[in-house]
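One structure is given below, represented as structure tokens, and several questions about it will come after.
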Amino acid sequence: MKKRMLAVVLVLCMVLAMIPAAFAADEGDIPETAVYLNGTSGNDEADGTTAENAVKTLDKALELAKDQENCVIYITGMVTISGETALNGVTFRRGEDFTGKLFLLSGSDKKLTLTNVTVDGGQVKGVQGGMIQVSGGATLEIGEGTNLVNNYGTAIEAYNSTVNMTGGKISNNQALAYSALGCGGGMYLQNSDANLTGGEISDNYAVLSGGAISCFASRVTLDGTVIQNNISGERGGAIYIEGYSGIETSFTMISGSVIDNGTEAGQGGG
């Protein structure tokens with residue numbers, strides 16, 4: 001009888017030991033699914049399941065991704081934004097070995113609004129420039145829950161355009177020498193306007209200037225955004241400002257924070 005009772009106790013102990021593992025498996029991360037998007041050479045007749053079968057348009061990629069839980073859209077060719085586009089609750093990641101820009105919006109009638117969107121550079125080496133390029137009077141809106149991360153090049157390049165940041169985070173981007181810029185780990189501005197009223201720009205790096213932002217003949221207004229823990233190799237750990245003759249250049253700080261930034265061997269930690 002004692003042996004039988006002991007056997008029962010041992011079985012119960014084994015069952016009880018397995019219960020937490022079963023619950024852990026149920027509560028674990030949902031496996032990633034993927035849709036591949038190539039805005040240059042993709043084909044919307046393809047199924048988007050591999051890089052070789054990438055779809056071409058953003059609309060098609062979103063359509064395929066919406067019914068898949070925990071889906072990541074891998075970009076393997078630059079996507080051009082047309083008209084006014086609003087994205088919400090989507091994750092994009094740079095495809096392996098793709099070193100071009102992920103999104104391009106050019107023209108005063110182009111506007112891209114990001115809310116709860118992740119754009120992940122994937123830490124791919126040899127990237128040429130930013131993940132998102134804004135030019136020709138276009139507008140980029142960065143809203144709550146957005147993350148622009150992990151690009152081995154600046155996150156945003158803006159030329160003659162406007163960037164508005166009301167929330168979200170730009171972090172862990174690196175403007176390296178081979179990125180063609182080497183300036184502005186989080187944001188590179190040329191004759192552009194940046195209105196920073198929320199969110200955070202942190203833990204970015206630029207090999208030359210502006211760990212967080214490089215501002216060339218541009219206007220930056222800081223009124224709520226936190227800029228912290230950014231580093232540059234030479235000038236302006238947080239923000240670097242350079243004016244051109246005949247073009248208004250300014251940095252205006254109303255509120256927000258510029259803290260714990262630095263340079264490796266140069267000047268102007270803040």
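Which of the residues that make up the range 226-263 are under 18 Å from THR154 (Cα atoms) and open to solvent by 50 Å² or more (accessible area, probe 1.4 Å)?
ASN229, ILE231, GLU234, ARG235, ILE241, GLU242
Let me ask something else about it. Restricting attention to the range 212-225, which residues are of a type in the set (S, T, N, Q), outside any loop (DSSP other than H, G, I, E, B) and open to solvent by less than 20 Å² (accessible area, probe 1.4 Å)?
SER214, THR225
List pairs: first residue in the range 95-108 and farther than 19 Å from GLY137 by Cα and among the β-branched types (Val, Ile, Thr), second residue open to solvent by 20 Å² or more (accessible area, probe 1.4 Å) and part of a loop (DSSP other than H, G, I, E, B) anywhere in the structure, Cβ distance under 6 angstrom, at least six positions apart or on different chains.
Between residues of the range 95-108 that are farther than 19 Å from GLY137 by Cα and among the β-branched types (Val, Ile, Thr) and residues that are open to solvent by 20 Å² or more (accessible area, probe 1.4 Å) and part of a loop (DSSP other than H, G, I, E, B), the close pairs are THR99/GLY126; THR99/GLN128.
Could you grab me the full set of residues in the range 125-158 that are within 21 Å of GLY211 (Cβ to Cβ), in contact with a Phe, Trp or Tyr (Cβ under 9 Å, 6 or more places away or on another chain) and of a type in the set (Ser, Thr, Tyr)?
TYR152, THR154, listed by residue number.
Also: Can you name the residue in the range 128-142 that is open to solvent by less than 10 Å² (accessible area, probe 1.4 Å) and assigned to a loop (DSSP other than H, G, I, E, B) and is also nearest to GLY168 (Cα to Cα) among such residues?
Ranking the candidates gives MET131 first.
With under 21 Å from the mean Cα position of the chain (by Cα) and either under 29 Å from ALA158 (Cα atoms) or at pLDDT below 95 (or both) as the only criterion, which of ALA25, ALA17, ALA61, ALA7 stands out?
ALA61
Looking at the range 180-189, is at least one residue open to solvent by 60 Å² or more (accessible area, probe 1.4 Å) and part of a strand (DSSP E or B)?
no
I need the full set of residues from the range 72-127 which are within 14 Å of ALA34 (Cα to Cα) and among the aromatic types (Phe, Trp, Tyr), in order please.
Across the range 72-127, the qualifying residues are TYR74, PHE92.
Sticking with this structure for a sec: I'd like to know if the range 150-160 contains one or more residues that are open to solvent by 20 Å² or more (accessible area, probe 1.4 Å), aromatic (Phe, Trp, Tyr) and assigned to a loop (DSSP other than H, G, I, E, B).
Yes, there is a match, as at least one residue in the range 150-160 is open to solvent by 20 Å² or more (accessible area, probe 1.4 Å), aromatic (Phe, Trp, Tyr) and assigned to a loop (DSSP other than H, G, I, E, B).
Right, next: Being assigned to a loop (DSSP other than H, G, I, E, B) and exposed (fewer than 14 other Cβ atoms within 10 Å of the Cβ) is the filter here, so list the residues in the range 41-67 that pass it.
Within the range 41-67, SER41, GLU45, ASP47, THR50, LYS66, ASP67 meet the criteria.
Further, regarding this structure: Can you list residue pairs whose Cβ atoms sit under 7 Å apart, with the first residue in the range 228-253 being farther than 13 Å from SER218 by Cβ and the second being β-branched (Val, Ile, Thr) and in a loop (DSSP other than H, G, I, E, B)? Count only pairs 6 or more apart in sequence or on different chains.
Listed pairs, sorted by first residue: GLY233/VAL207.
Continuing with the same structure: Return the residues of the range 72-94 that are within 15 Å of GLN133 (Cβ to Cβ), open to solvent by 10 Å² or more (accessible area, probe 1.4 Å), without any contact (Cβ under 8 Å) to a residue 40 or more places away in the chain and outside any loop (DSSP other than H, G, I, E, B); say none if nothing qualifies.
Passing the criteria: only THR85.
The values are calculated or read from the model by the stated rules, or taken from the named source; none is laboratory data. Everything numeric in this text was worked out from a predicted model, so none of it was measured. Using ideal geometry, Cβ is built from the backbone for each residue, glycine included, and neighbour counts are taken over all protein chains shown. We work out accessible area using only protein heavy atoms, side chains counted, and drop any ligands, DNA or RNA first. Shrake-Rupley method; radii C 1.70, N 1.55, O 1.52, S 1.80 Å.
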